[in-house]
Amino acid sequence: MDIEAAFHTVGEFGPYQKRAVAVLVLAQVYMACQSMLIVLVGYTPEYRIEQQGDGPSSHRELQQHVTFTEDVDSIVTEWVLIKQQAYKVSLAGSLFFTGLLVGNVVFGPLSDKIGRRPVYLTGLFFEVIFGYVTAVAPSYEVFAASRLLVGLMNGGIGLVCFVLTQEYVGKSYWAMTGTLTSMIFAVGIALFGALGYFIRPWRTLATVANSSGVLCFLLSVTLPESPRWLYSQGQTERAEEVLRFMAVRNGNNATNLILQRVGAAKPGSPVRNRGGILQLAVHPVLRLRTMVLMYVWSSVIQVELRGELQELAEVAQMRDMFPENVPLGGVPGTVGSGHVEKPGSNKTKKSNGVVSMQTK
């Protein structure tokens with residue numbers, strides 16, 4: 001029998017597959033927390049700068065004259081990322097999403113070559129490690145580097161995790177598991193917002209949010225290799241073992257389950273070529289879908305950048321210059337987004353030769 005017939009025998013979405021998909025879906029919550037971490041830990045509170053004369057001439061001198069008027073613990077307050085250093089907050093976010101992009105590109109072919117399970121577990125393990133490095137980072141440079149590495153692993157395991165939710169179940173459940181994965185990622189973002197409401201110190205928040213990854217890793221260790229990947233690689237004996245294991249956990253009898261050998265094609269059936277990135281251009285269905293997705297995302301990027309450029313132009317006309325801080329941010333699927341301070345957000349007061357600048 002072929003792999004689809006085998007899943008009908010094993011159970012397309014039995015109790016075991018439901019537990020396996022639940023573990024993978026739980027990992028989406030963890031990945032969502034890591035994706036949104038910079039939003040809360042990079043919060044910039046109101047501050048006041050008391051200066052004599054022309055004001056602080058260096059960042060070290062600025063640290064001695066700045067006073068944050070809000071009781072907030074973030075990377076901004078710890079490393080005084082304001083004024084000329086304010087771009088570093090969004091830079092950390094951009095580094096994360098740069099790693100996310102690279103991880104998607106690298107981990108996909110890697111999982112096709114050496115397997116879904118080892119790539120997923122290795123990526124998850126190192127994301128947890130680098131996540132803790134983020135929480136204990138002694139300097140901004142270490143923090144930024146850890147965010148790049150976390151993004152690299154996050155993008156990779158996010159892709160492999162989605163593929164596993166498809167390959168553990170029967171074909172008729174692909175749409176359901178794929179939709180569920182995306183929905184739970186959105187739920188994870190909401191849960192992280194609630195977590196940030198109760199946990200204010202940024203290092204504690206980063207530690208707690210990252211600790212959910214430890215649970216995901218421990219649960220994921222028990223997951224088997226994808227039987228579909230094993231079958232596609234010609235490892236039919238191992239694929240049969242995994243399918244029989246699933247059948248036993250589902251309460252079905254699959255002792256007589258024997259897969260058709262990959263090398264032994266059915267009489268009259270065409271020879272199947274091995275997949276690859278060129279299939280996106282060669283296969284007519286994949287070619288059409290690729291073109292549609294490229295058009296959609298390019299349109300999103302153009303609209304995003306057009307809006308940001310218009311905003312920057314308006315601010316430049318009102319100030320006759322660009323603001324001091326135009327950091328690059330990032331969201332999945334876009335090149336970057338700008339952030340500018342609203343005109344009139346700086347208030348300057350003079351009293352007895354001391355200038356007090358209050359910034360919102």
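Just so you know, all these numbers are worked out from the coordinates, no wet-lab data involved. It should be emphasised that the depicted structure is a prediction, and the values quoted were computed from it without experimental measurement. For neighbour counting, all protein chains shown are included, and Cβ atoms are generated from backbone atoms with ideal geometry for every residue, glycine included.
Hey, fewest Cβ within 10 Å first, where do Y140, Y231 land in order? Working shown, then result.
Details: Y140 18, Y231 23.
Listed from fewest to most nearby Cβ atoms, that is Y140, Y231.
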Quiz item: What are the residues whose amide H is under 5 Å from the amide H of Y47, where those residues sit 5 or more places off or on another chain and H is modelled from the backbone?
Solution: T69, T359
Quiz item: So, in nm, how far is label E50 from label R289 when the simple model puts each one 7 Å beyond its Cα toward the Cβ?
Solution: 6.3 nm
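Which order do the peptides 212-225, 36-49 take when ranked by the mean count of other beta-carbon atoms within 10 Å per residue, highest first? Working shown, then result.
Values: 212-225: 17.1, 36-49: 19.4.
Packing order, densest peptide first, comes out as 36-49, 212-225.
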Quiz prompt | Whole-Hz ³J(HN,Hα) from phi, Karplus 6.51 cos²θ - 1.76 cosθ + 1.60, for the stretch 177-182, glycine and proline x | solution = 5, x, 5, 4, 4, 5
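How would F130, F68, F7 line up from fewest to most surrounding beta-carbon atoms within 10 angstrom?
Ascending number of Cβ neighbours within 10 Å: F68, F130, F7.
Rounded to the nearest 0.05, what FRET efficiency is calculated for N252 and T204 with R0 set to 35 Å and r the Cβ-Cβ distance? Mind dumping the intermediate values first?
Working: r = 47 Å, r/R0 = 1.33.
Taking R0 as 35 Å, the efficiency between N252 and T204 is 0.15.
For T69 and A22, compute 0.36 nm times the residue count separating them, minus their Cα-Cα distance, and round to one decimal in nm. Display every interim value, and only then the final one.
Working: separation 47, 0.36 × 47 = 16.92 nm, distance 4.40 nm.
Contour length minus Cα-Cα distance gives 12.5 nm.
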Practice problem: For R200, list long-range residues whose amide hydrogen, built 1.01 Å from N in the peptide plane, is under 5 Å from its own amide hydrogen. | Solution: none
Self-check item: Cubic angstrom per residue, convex hull over Cα atoms of the stretch 155-209
Solution: 84 Å³
Quiz item: Which ³J(HN,Hα) values, rounded to whole Hz and listed in residue order, are derived for the stretch 5-17 from phi using the Karplus coefficients 6.51, -1.76 and 1.60 in 6.51 cos²θ - 1.76 cosθ + 1.60 with θ = phi - 60°, glycine and proline given as x?
Solution: 5, 5, 5, 5, 6, 6, x, 5, 8, x, x, 5, 5
